Every structure is written in structure tokens, then in C-alpha cells.
Amino acid sequence: MVDQVVISNPLDPRAQPLIEDLIQEYQSRYGTLFDGEGAKAELYRYPPEAFAEPDGNFLLILREGETIAGGAFMRYDDDTAEFKRIWTRSDLRRQGLARRIVLALEDAAAAQGYTRVYLTTGFRQPEATALYVGLGYRRLFDPAIDLALYRSLPFEKHIGPLAGKPGTTPLKEPAASIEEADARQAAAKAVHAAKVAAHVAAARDAGRRDRTRSA
């Protein structure tokens, strides 16, 4: 039994187990905490093109044709890939699949020219925090503070030619209250989604101009 790592996209039928399972998991843990429309809106916050080369990627691990794990990244800035959608099938957890997909994403991001990874996980996902810390990611928050005051917990790690370089990004400041944490989170997600959408739109326009010139 040989597992395959394949390049995919959020609209690929093979990616649907990942999308559907993440929606259920996020809904059960957070409900409408991160988005008033629930977990589905969160999973579809970004356009599919954000997870496509040259700026992003979307990887699946297949076993005998079935999707058992996956993850993706998109552009955060010129040097940084932002990892998203990291998932393993619930009945196959504790087999190292999450570790494998994160390492595969790191390799793909480095091959696409990124030297740093940024990612976040929710404050109710201690197993994800343990995974990232175990893989050498630096916490960008103070774990001694009530994690609910952060909502999303950020991490960073250098990859490629800068692998092993210590991170220097300042730690995220916790909110003063749960209400402030919610407001901050909503504002940050809206700004980030707009930034990603603008970059995707600019790439589409550039692609159209290139096709027109070559026609």
C-alpha cells in the first residue's frame, strides 16, 4: 500500500472529503464564533485560485484512490506562504499523516520560492498546536495567557534556504476581553480576505493581458 501525494484544488471532487470534514469539525468546535454564517463560510472565504500555482498549492494524500489527508497554502507576502486546510481523515489519525502533509507543503512552498511559513489554528485545537510546535514552528502568542483572548493562534517557521533561522516576528498581543477578541478577529479576517481577493484579481487581469498579447 503506497500513498500518493497529488496536486489538487478546492473544486476537485477528490478534495471534497477534506472540505466536508473540516466544515463539520470547525462547526462542532466553533459554531458561528469565527463567522456568523458558520464554518462553511469560513472554508469558502478565499477564491480557489488563491491555492493554485504559482502563488499557492493544494495537496492531497491518496491511499488506494481515497483521500486520507490534505492541506494547502496561499501567498501571505512575497516571502511567506500561509498554510491552510490541514486535515487528516478522522479514522486514520495518530498515524503521522498530519506531519507528512505539513512537510509536503513545506517542500512545495520552498520549491515555489517561499522562505517562511505563517499559519494559524483555532484556540480550541490543542492537537494542532502540538503538531506545529513538534515540527519546529514558533508560537507567535504567549501560551500562558487565556488562549480565547487570541481566538486564532499564529505560528511561523523558516523553510528552504532559510530553514533553521530563528523567527523574529513580534508576538501577537492578546485582546483585553472576549468581545474585543471577537471584533479584532472579524476585522482581521475581512482585511485578509480582501487582500487575497485583490491579489487573485490582479493575477487574473495579468493573465488576460498575457493571453491577449500572445493571441
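A few remarks follow.
- Whichever residue in segment 104-139 is among the aromatic types (F, W, Y) and under 13 Å from the mean Cα position of the chain (by Cα) and, among such residues, is nearest to S8 (Cα to Cα): Y118
- Taking the criterion of being surrounded by fewer than 14 Cβ atoms within 10 Å (Cβ to Cβ) and either touching a helix residue (DSSP H, G or I) at 6+ places or on another chain (Cβ under 7 Å) or of a type outside the set (A, V, I, L, M, F, W, C) (or both), the only residue of segment 192-202 that qualifies is K195.
- Filter pass, R29 being closer than 23 Å to V191 by Cβ, touching a residue at least 12 places away in the same chain (Cβ under 8 Å) and basic (K, R): no
- Filter result for K189 (touching a residue at least 40 places away in the same chain (Cβ under 8 Å) and part of a strand (DSSP E or B)): no
- Of the numbered criteria (1) within 20 Å of T129 (Cβ to Cβ); (2) of a type in the set (S, T, Y); (3) assigned to a helix (DSSP H, G or I), the one T212 fails is (1).
- Of everything in segment 165-191 that is surrounded by 11 or more Cβ atoms within 10 Å (Cβ to Cβ) and touching a strand residue (DSSP E or B) at 6+ places or on another chain (Cβ under 9 Å), the residue that is farthest from T32 (Cα to Cα) is K165.
- Those residues of segment 80-97 which are over 13 Å from the mean Cα position of the chain (by Cα) and of a type in the set (A, V, I, L, M, F, W, C), in sequence order: L92, L97
- Filtered residues of segment 1-26 (kept if touching a strand residue (DSSP E or B) at 6+ places or on another chain (Cβ under 9 Å), modelled with pLDDT of 90 or more, surrounded by fewer than 16 Cβ atoms within 10 Å (Cβ to Cβ) and part of a loop (DSSP other than H, G, I, E, B)): D3
- Hits in segment 147-173 (condition: in a loop (DSSP other than H, G, I, E, B) and either more than 19 Å from D78 (Cβ to Cβ) or of a type outside the set (S, T, Y) (or both)): Y150, R151, I159, A163, G164, K165, P166, G167, P170, L171, K172, E173
- Only one of the numbered conditions (1) among the acidic types (D, E); (2) surrounded by 11 or more Cβ atoms within 10 Å (Cβ to Cβ); (3) farther than 16 Å from L147 by Cα is violated by D205, and that is (2).
The values are calculated or read from the model by the stated rules, or taken from the named source; none is laboratory data. Small disclaimer: the values here were computed from a predicted structure and weren't measured. In this analysis, Cβ positions are derived from the backbone assuming ideal geometry, glycine residues included, and neighbour counts consider all displayed protein chains.
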